[in-house]
1. Which trypsin sites (Lys or Arg not before Pro) does segment 325-415 hold that lie in a coil by DSSP with at most 13 other beta carbons within 10 Å?
2. Starting from the eigenvalues of the Cα gyration tensor, five times each then square-rooted, give me the equivalent ellipsoid semi-axes of segment 122-223, largest first, whole Å.
3. Counting only protein heavy atoms and a 1.4 Å probe, tell me what percentage of segment 125-214's accessible area is made up of carbon and sulfur.
4. With only alpha-carbon pairs counted, each pair once and no self-pairs, how large is the Kirkwood hydrodynamic radius of segment 2-100 in angstroms?
5. Just going by the charge dipole of the chain, with Lys and Arg at +1 and Asp and Glu at -1 on Cβ, which of ALA382, LEU99, THR111 is farthest out on the positive end?
6. What FRET efficiency, computed as 1/(1 + (r/R0)^6) with R0 = 25 Å and r the Cβ-Cβ distance, is obtained for ASP378 and ASP246, rounded to the nearest 0.05?
7. Hey, got the dipole for segment 324-460? About the Cα centre, +1 on K and R Cβ, -1 on D and E Cβ, debye to the nearest 20?
8. For segment 259-298 and segment 403-460, what is the separation of their C-alpha centers, rounded to whole Å?
Amino acid sequence: MKKHIPVTNPATEEVFASIVDGDASDVDAAVGAATAAGEQWAARTPAERAGYLRAIADAFEARSEEISELVTRQNGTPISITRAMQSQVPVTYRYFASLAEKLETESHVETASGDAVVRREPVGVVGAITPWNGPQPLIAWKLGPALAAGCTAVIKPAPETSLDAFVFAEILTAAGIPDGVVNIVTGGRETGAALVAHPGVHKVAFTGSTVAGKAIAVECAKQLKHVTLELGGKSAGILLDDVDLDAFRPLVMSACAPNTGQTCRALTRVLAPASRYEEIVQMLSETMSAIPQGDPTDPGNFFGPLVNAAQRDRVESYIALGRSEGAELVLGGGRPAGLDRGYYVEPTIFRGVTNDMRIAREEIFGPVLVVMPYESVDEAVAIANDSDYGLGGGVFSPDLDRATDVARRIVSGSVGVNTSTLPIETPFGGVKQSGIGRELGPQSVDAYLEYKTIFRAPRV
Ligand code: NAD
């Protein structure tokens, strides 16, 4: 009898399903299937693979609502947000289909001694490990380029959000993906670690915490495997002194606390010009407190519960820490009234924060913002860059050129100017403790390809 992991609805605290906690034999079977399917899949033309990716997009669309409801039930993301996230999944597979069609798998190079055929070949079997906060989009970010490049894959979803992966398996079948090309193994950390350590896996694509990412990097280094790591963040949102708060207000949730703050690139450090500090703190408090919080299946709610009890404990311990560090609570800090069941935490804002406080330096992963004043743009940039992380960032001003110049100075993998919408056509990833490598954008396919040179002379 296999071990099982319970699946809990974070809005009701009810266990409503369980998943198998996959062991080494499950991982071995999945990697074996991916290996067996590898040669035939790699031999298909990029145009054929693009056709399969489009078929996944079509089949996904047909099950999108079912997946959205299942994801919300597992991770508590408000359904309107879950739906918006799922709507991007078919778009992402179609984008990678278009990249597959443009893929040049061979080029010829004239050399001093003859000529050479330079091939771009798939790296082999990919181990894709994903977190619970955006399960299907984050699978698509990995599987899209992997399949486009001609790799086969084993997906290990987060234990909190594995049920939608079963629906995704049916989607793959409906799309006609050949057996063994994509495999799914459920389980927790040990299952993920077994996948990373399996000698049949040639590349690991990981999204999750910095702690897990480092453990994965060590194992990949031991075996010299390719690895892409999308990790945590503590991104700064800089409001320039000419910011139009009426224009910024509708962006507050999506930029600073999307998914009840459980988003890696959320702008959880808000940097405000000292001359407008009070005004900005007040606007943030009014806006955050007016965002409806409650039952995540109600499309009118935009803050839900946190994903599990451990995550709520973690967020509450950071709120207590902020108080003990001397920061001043201006909003929230407790559990919302009337929501006695479910892992809810109120949207919370601290003022009087300095960048050396732990609440300004560590990823909290909840609806908790710190607001810090700055005197000059140079100081704002210095505070933004004084971080162990470098995943996201934001600059807000009606002067696009001025804001873009500030964005150029932020040490980070991506920075949004007056927007929080991440374009899938451009690379995304982190620097420093936020990770290595990039997903999305045309470059992302390169991470799933290896060069091979056949150099030759006319005769012997
Ligand atoms: P986590 O690292 O605990 O788990 C992520 C996944 O990795 C899960 O599937 C888990 O089972 C697996 N895992 C954990 N330890 C492992 C190990 N040693 N070896 C192999 N697999 C392992 O993270 P989480 O709590 O699920 O997600 C929250 C974290 O993810 C946050 O830190 C957040 O910033 C980060 N995140 C980053 C991005 C990004 O794109 N940079 C996106 C979403 C979330």
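1. ARG341
2. Working through the eigenvalues yields semi-axes of 21, 16, 11 Å.
3. Here it works out to 63 percent.
4. 16.2 Å is the Kirkwood radius here.
5. Sorting the options by dipole projection puts first THR111.
6. E between ASP378 and ASP246, to the nearest 0.05, is 0.35.
7. Dipole magnitude for segment 324-460 comes out near 760 debye.
8. 29
The values are calculated or read from the model by the stated rules, or taken from the named source; none is laboratory data. Just so you know, these numbers come straight off a predicted model, no measurement behind them. Glycine gets a Cβ as well: all are built from the backbone with ideal geometry, and neighbour counts include every protein chain shown. In case anyone asks, the SASA skips ligands and DNA or RNA and just uses the protein heavy atoms, side chains included. Shrake-Rupley method; radii C 1.70, N 1.55, O 1.52, S 1.80 Å.
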